[in-house]
Amino acid sequence: MTGNTTLDFLHPGEFGIIKKLRSTGSMRRRLMDIGLIKDTVVECVGKSPLGDPTAFMIRGAVIAIRQEDCRDICIEKIEE
């Protein structure tokens, strides 16, 4: 494990473990509904050509998340 950061710092091929969601309201509910809950492993699978949004593998599904929302998702980066 390499330390705590936010989801927007993951690069393609890197993994992280969700530690905390700082978002509130309906956005928090949406993130939880797609599987972003504590201790979930996520993998960054790609970024769009302009860098936003970023695609993540979450519980077997590829989900695109905007950089603005990634900043509210605290993770712990892990080394493979």
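Taken together, the values in this text are just the output of simple stated rules run on the coordinates, not laboratory data. Just so you know, these numbers come straight off a predicted model, no measurement behind them. Glycine also receives a Cβ, built like all others from the backbone with ideal geometry; neighbour counts cover every protein chain displayed.
Side notes on the structure shown:
- Förster radius 22 Å - calculated FRET efficiency between Arg66 and Ile37, Cβ distance, rounded to 0.05: 0.70
- Within the shell of other residues whose beta carbon sits under 15 angstrom from the beta carbon of Arg22, the net charge comes to +3, with Lys and Arg scored +1 and Asp and Glu -1.
- Backbone amide hydrogens, once placed in the peptide plane, bring Ala64 within less than 5 Å of Phe56, excluding anything fewer than 5 places away on its chain.
- Karplus-derived 3J(HN,Hα) values for the stretch 40-52, using 6.51 cos²θ - 1.76 cosθ + 1.60 with θ = phi - 60°, are 7, 8, 10, 10, 7, 9, x, 10, 5, x, 8, x, 8 Hz; glycine and proline are entered as x.
- The shape of the stretch 41-80 can be summarised by an equivalent ellipsoid whose semi-axes, obtained from the alpha carbon gyration tensor, come to 16, 13, 10 Å from longest to shortest.
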